[in-house]
Structure formats: C-alpha cells, structure tokens
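Before any comments, here is the structure.
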Amino acid sequence: MCLAVPGRVLDIGEKDGTRMATVDFGGVQKEVCLEYLPDLQVGEYAIVHVGFALQRLDEESAKQTLELFAQLGMLQEEFGDPWEQAAAAGGDPWPFADDPGPEPEPTPVLAAPQEEVQP
Amino acid sequence: MKYIEEFQDPALARRLLDDIHATVTRPWALMEVCGGQTHTIIRHGIDQLLPELVELIHGPGCPVCVTPLEVIDKALEIASRPDVIFCSFGDMLRVPGTGRDLFQVRSEGGDVRVVYSPLDALRIAQENPKHQVVFFGIGFETTAPPNAMTVHQAKKLGIPNFSLLVSHVRVPPAIEAIMQSPSCRVQGFLAAGHVCSVMGVREYPELAARHRVPIVVTGFEPLDILEGVRRAVRQLERGEHTVDNAYARAVRPEGNPAALAMLEDVFEVTDRAWRGIGVIPDSGWRLSERYRDFDAEHRFSVTGINTREPAECRSGEVLQGLLKPHECEAFGTLCTPRSPLGATMVSSEGACAAYYLYRRLELGTVPAAATAPTAASAPLEASPVV
C-alpha cells in the first residue's frame, strides 16, 4: 500500500467535477485521479499511489521501475486479489534452520511493460 | 542469500558498493525509514553486501505496522455493524486486533470490502445510500492526500453516508522521537522517497542540522538504496550533516503543492499514538473542524475504545531500530504470518515479515565474491542513479 507504482496516462476525462485518467501499469489499467497533477497529459508517466497521480516521472525511469516491480511480483501484490492474498498469508512453517531451502521466487504474473509507440 | 549479479544493473551496483567500501573508515549506523526500503534491503541482501562498518537499522515507516491496536479494534467494531460497509486497503485485512482481524469479521458476516483507491469507497457510498460507508484512512504523507481529497469530494458532492476512520501519521516527528531516545544509535537517515514526493524536503534541513545527521532522500529500488547509503556514508566520513536528494526523478524540493494545499484544508496536525511506541507529539493528522462530520470515530461513538497492547509483541522496539526481528523470542514460534502477534509480521512492508519471508535467521554471512572491491573500480563523484 505504501508503495507507489509508475503508470502511463492513456486518456483523460472528468468525473464529478474531478480530473480523472485511465492509467496503464504494465498491462493493468486503473482509474486515477489527476487533481494533484492537473497538467499531466496523455502519454506521460506519473507515480501513482492508491489511485492518485502524485509526481511526474520520466519515461525511462518509469519503464525500468515497472519492469523491476513485475519481476519481483510487486504488481501482483498491488493489483491482485487481496482476499486471495490475505487467505494465503502464512507462508511455510518455521524454522528453516536445518534446511534453509531455496529462496522464494515470486512468479511474475503480470507482463513487463511493452515498448509503446508515443502518440 | 542474494548476489550482486541479481541486481537490475550489476555493474552499477558493483561501482556503488566499491565506492562505499572505499569511503568508509569508521562504523556508521543508518536508518532506512520506509518499510518498502526494508524489504528491498532484505530481499537483495544489501545489508550483507555493505561493509561490516555500515549497519542498516530498520525504521518505523510501515503505516500498517504503526497503526495502534486500539484503532484496529475501533475498525473491527465499526466493520461488525450490520448497517456498515467497511472499506479498506488489502494489507489491513490480516492485521490483528484484540482476538480477530478484518478477514474474520467478513467471515462472520460483516460487509468488509477492499478498494484500490479511497475514491472507490466514495463510489460505494453513492451506490449504497442506505448504508454507512466507512473508509479506513491509515498511512503516511503519501496516502493522506488521496484520503483528504476523498473527504473533500464527499463534502463537495454532499454524500452524507461516507466517513473516514483516521489514523494518519507523519514521518518528521517520528525521526525527532527516534533521535531523542537515549538509546538511539542512528547517525544518518535514508528518508522515504514517496513521502517526499508529496511533502518535498522542507521539513528536513532543521532536523538534520539540530541532530547533526545527514538525511538522504532515497527511492525503493536496490540501486536507489545503494546510492542513498553511498551519499550518507560520504557525508558522515566528511563530518557533514545536510539534506541530500538522491531520488530527484520523483522528488521535487517543493513536493506537490496541490496535495499540500489539500492536506492543509482537510487535516490538522495532532498528537498520535504509534503501535508499540506510544504517543509522539504532532505526529499525526485528524480531520479539521470543517470536515469533522466525516469522522467515523465520532459518528460511531468508538472514541471510548482503549486497548492495551500485548507485552509479548516487541514490534515497538523493532520499529525504533532497537531490536532486529529475528532477535525477538516470539519470532517464528509464537509469532508467524499465519498467527501474528503484531502488524510488523503481517504487513507486506513490515520488518518482521521481511525477515520471515526471506528466511533471515542471522546476519553477517557475506559471500566474499560479492563484497570484494574490484581493482578496476573508481570512486564515484557524480550520482549515476538520478
């Protein structure tokens, strides 16, 4: 929840007198409020936190971060089913002192961001 | 154990590490404030790649973890009411209150819903005018502006059945409290980048000067952490203590003016209790007088709930950097993610959860190949990260 995720603005509209956008996060699209970045334009990237664009980000940084988050499974954590995640919370039994075993490797469920043609 | 080859840019990570190794001559203790940074550090073994002289101490920057038990109990009480739709971010579902959590409230018939954005909760209120819709407003300076905007919208649109259970906290007073503790060992801070995306850096120069600690604004990716450590160590070795922005791609010095204006309109600064730590003066926000009607605590008369926190959970010491998670007697036995004593074990940004998830039993086992400086390395004078 604390983490903010970079996304790319796909389109901009208005809802209840508020500037809103559809933002793409490496394949997942969400409705995002632009009131805190009122001059953000279609095609630009921003750091988005709980549905609000908070700061503009350059495209290269945004794509690198999105790719990393996808590899680490963090996009799934942010946009996946929270009830499934809560039900699964618990992990493996402890301790692992005698047999540490392999480190858990999250499966990247969401695709890394694709190269996109700028509008 | 993670290796440097797994970094996004191993060559750059190597150069940053080499520079840190070449710079450090004395022991230094740095605190990373944000729980997201803690997870990056543990996941990538950054603490084990650093010179032994550089210690990373985990800070209190997990909003779920610092939410007091009595606020969780208030949330559970409100969420149990038949006329209430209780909305929350997903990472609050398994945070233990006294005896149960929101996950269990839902299984017992409570209408608990997870939303991506607080505006989703407002939409639910518009669609369910016969229900009271309550949003669980926790979080630091990054999350407070979205929640502020949502309350502002509720007032503007005249949505009477929406309210906010507020438990927002502020980072700078926590840094102040940590520095004032007699047992404090922190000599420098890696400040939470996204908090500064909103707030800017205006609150930090005075803190850095008064306590003579460097404060380096730092991002969340592995290379960001290494760069933050590099800059903090450089300052410490030179006897400097200034504010440095190592996350300039996402942090403007002035922050986000529109978000700051909304915060000032909707909230006012108040004393707030932090789980396991106690009350820190001026460390939180509550709804300002103009928006007090939207305060769920008053609307549902739960202000009288006062819960004593269990003594066996030592998360307060973990949150203050006085205890590493695996040093707690309950870690992995009495306290696991399936049966947590405190939020630090269950939150996705909690320090105890990081140690459990990445199976960190002990510190200090460093692969020699990952730490030996390379002969070809050269000190970095300019930041390659920002």
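The table below gives the values:
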read-out	value
All strands (runs of 3 or more DSSP E) inside region B:156-255 with 2 or more residues being over 28 Å from B:Val318 (Cβ atoms) and more than 20 Å from the chain's Cα centre (by Cα)	B:162-169
Within region B:176-207, tally of residues that are more than 17 Å from B:Arg231 (Cα to Cα), small (Gly, Ala, Ser) and within 14 Å of chain A (Cβ to nearest Cβ)	2
Criterion (of a type outside the set (Gly, Ala, Ser), over 22 Å from A:Glu67 (Cβ atoms) and open to solvent by less than 30 Å² (accessible area, probe 1.4 Å)) met by exactly one of A:Leu34, A:Leu54, A:Leu40	A:Leu34
Failed item, numbered, when B:Gly99 is tested on (1) more than 14 Å from every other protein chain (Cβ to nearest Cβ); (2) modelled with pLDDT of 90 or more	(2)
Every residue from region B:256-292 that is open to solvent by 40 Å² or more (accessible area, probe 1.4 Å) and within 21 Å of B:Ile159 (Cβ to Cβ)	B:Asp265, B:Arg286, B:Glu289, B:Arg290, B:Arg292
Every pair of residues 6+ apart whose Cβ atoms lie under 7 Å, when the first sits in region B:153-169 and is within 11 Å of another protein chain (Cβ to nearest Cβ) and more than 14 Å from B:Ala273 (Cβ to Cβ) while the second is open to solvent by less than 10 Å² (accessible area, probe 1.4 Å) and outside any strand (DSSP E or B)	B:Gln153/B:Leu122; B:Ala154/B:Leu122; B:Ile159/B:Leu122; B:Ile159/B:Ala125
Lone unmet requirement of (1) in contact (Cβ under 8 Å) with a residue 40 or more places away in the chain; (2) more than 8 Å from chain B (Cβ to nearest Cβ); (3) surrounded by fewer than 19 Cβ atoms within 10 Å (Cβ to Cβ) for A:Thr22	(1)
Hits in region B:73-110 (condition: under 26 Å from A:Gln76 (Cβ atoms) and either without any contact (Cβ under 8 Å) to a residue 40 or more places away in the chain or hydroxyl-bearing (Ser, Thr, Tyr) (or both))	B:Ser88, B:Gly90, B:Leu93, B:Asp101, B:Leu102, B:Phe103, B:Gln104, B:Val105, B:Arg106, B:Ser107
Enumeration of residues in region B:223-251 that are open to solvent by 10 Å² or more (accessible area, probe 1.4 Å), within 26 Å of B:Glu5 (Cβ to Cβ) and within 13 Å of chain A (Cβ to nearest Cβ)	B:Leu223, B:Tyr247, B:Arg249
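The values are calculated or read from the model by the stated rules, or taken from the named source; none is laboratory data. Since the structure is predicted, the reported quantities are computational estimates derived from the model, not experimental observations. Here Cβ is always computed from backbone atoms with ideal geometry, including for glycine, and neighbour counts include all displayed protein chains. We work out accessible area using only protein heavy atoms, side chains counted, and drop any ligands, DNA or RNA first. Shrake-Rupley method; radii C 1.70, N 1.55, O 1.52, S 1.80 Å.
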